[in-house]
1. Can you tell me how many residues within segment 394-403 are surrounded by fewer than 16 Cβ atoms within 10 Å (Cβ to Cβ) and of a type outside the set (Val, Ile, Thr)?
2. Of the residues ALA177, ALA184, which is at pLDDT 90 or above, under 22 Å from ASN55 (Cα atoms) and among the small types (Gly, Ala, Ser)?
3. Output the helices (runs of 4 or more DSSP H) that fall wholly within segment 127-204 and possess 1 or more residues being touching a His at 6+ places or on another chain (Cβ under 9 Å) and buried (at least 18 other Cβ atoms within 10 Å of the Cβ), or say none.
4. Spot the failing condition for ALA247; the list is (1) closer than 28 Å to LEU333 by Cβ; (2) open to solvent by 20 Å² or more (accessible area, probe 1.4 Å), and only one is missed.
5. So if I check each of ARG112, ARG102, which one is surrounded by 19 or more Cβ atoms within 10 Å (Cβ to Cβ), among the basic types (Lys, Arg) and more than 15 Å from the chain's Cα centre (by Cα)?
6. So which residues in segment 205-244 are open to solvent by 50 Å² or more (accessible area, probe 1.4 Å), among the aliphatic types (A, V, I, L, M) and not in a loop (DSSP other than H, G, I, E, B)?
7. Output the residues belonging to segment 297-314 that are at pLDDT 65 or above and out of contact with any helix residue (DSSP H, G or I) (no Cβ under 9 Å at 6 or more places or on another chain).
Amino acid sequence: MMPSRYLSFRCSVPWLILVLQALLLLRSFFGFPGVSDNYSSSSPCCPYPEFQDVNHMVIFGFGFFLMVLRRYGFSSTGFNFLLVVLGVQCSVLAEDLLVFLRGGRNVAGLERLAKAFVSVTAVVISTGAVLGRANPVQLIVMTLVELIFFYVSRYINETFLEVPEHLTGTHVFLFGAYFGLALASRFPEAPPGLDKDRSTPKSELFSVLGTVFVWVFWPSFNSILPLSKMQAVLNTYLALAVSAVAAFMLSALTSKDGKFRMAQIRSAVLAGGVAISCTTERIHQPWIAMLLGLLATGITILGSHCVQRCFNPALKLQDTSGVHFTFGLPAVLGAVAAVVLALVEDRIDTRRNELSRLGYDAFVYIGAFCQTISTALVTGLITGLILNIKLLKAVHVSKYFDDQFYWEFPHLSVGF
């Protein structure tokens, strides 16, 4: 006989999805007057291959990237797919609301959907921090709340700090990582004897497969928001290439027996793509992109040692998929690099009597960075408290990291 908690999921999850989808349909039907037209032929549109790359990266790549737990494969890919398709619809409407508040007009067609996929990446990254701990109801609520707060953060940066739109969108990695870390800190810790949060060679292989897909499609992802798309693709690929080479080198150097560690490489090869996302248009020399990829990998490898052994136990951080050193630390590096490159580029074009403008620009970029990370941490803590109320049926710690609590396994004769 199935436990009452499982029956409550069956009574709540389908109806929650149905109600949410109905509300999204109604909101899409009424829309926002004069904001957007999905099928306008006069508006510029990103090519379908570019949209397809981002679609594959977010759904297939990140779905398999999260398949690192040995008994949580179905949930990692299945829940990721559910959250993405719901989140994209929410993101489209949130983007329209943001444009409506600014009094502008949104882009049409595939470019609108591609930008929605970029924003929903924050949800996917945050999911990696609470992977195996949150149930479907909590994950759906987290998706809605996080997207709302992410667009609020973007609105503050664009309206009050006057940061360009394409730069506020690239803060998605920074926001997603630290929102997820703050959110995960509000969940109860797994019991010491629970070994279901470990990986196996098979689960690591699937995760590496997802990493490869994310790596291959990352240049297209980073070229969605910038205006100089070809420059963004070239810089991103160079950073990713150096990041991958450095990942193998540093993995062998930091291991005791000189062997490669797949868990380190899986995280470090993506660091260059994260770090360069804020600076793709400001880099005009290939060596700068390559250097940024090298530094990002070094921070990820060293961060995986320091964070997991020192900071996580001290601060009681729970990070199932390592989103802190995979996305968070490289995103911080990218934000710092964006400030430095902006100052260098502006100083070249600025006369001596206009140096005060440089200080203002630095203040704006640093303010946007601090605002984004502060909003992510505060709202993540608040969301974590909301998700652990009794109404959302939090999972018991004994059921962490277990597919059998949510998915049907016909070949198993033992019940739940």
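1. Total meeting the criteria: 2.
2. ALA177
3. The helices (runs of 4 or more DSSP H) meeting that bar are 136-159, 172-184.
4. It fails just one condition, (2).
5. The conditions single out ARG112.
6. LEU205, LEU209, VAL212, VAL216, MET230, LEU234, LEU238
7. Of everything in segment 297-314, those that are at pLDDT 65 or above and out of contact with any helix residue (DSSP H, G or I) (no Cβ under 9 Å at 6 or more places or on another chain) turn out to be ARG309, CYS310.
The values are calculated or read from the model by the stated rules, or taken from the named source; none is laboratory data. Everything quoted here is computed from the prediction, not taken from an experiment. Because the Cβ atoms are built from the backbone with ideal geometry, glycine has one as well, and the counts that use them run over all protein chains shown. Note: accessible area is taken over every heavy atom of the protein model, side chains too, but ligands, DNA and RNA are not part of it. Shrake-Rupley method; radii C 1.70, N 1.55, O 1.52, S 1.80 Å.
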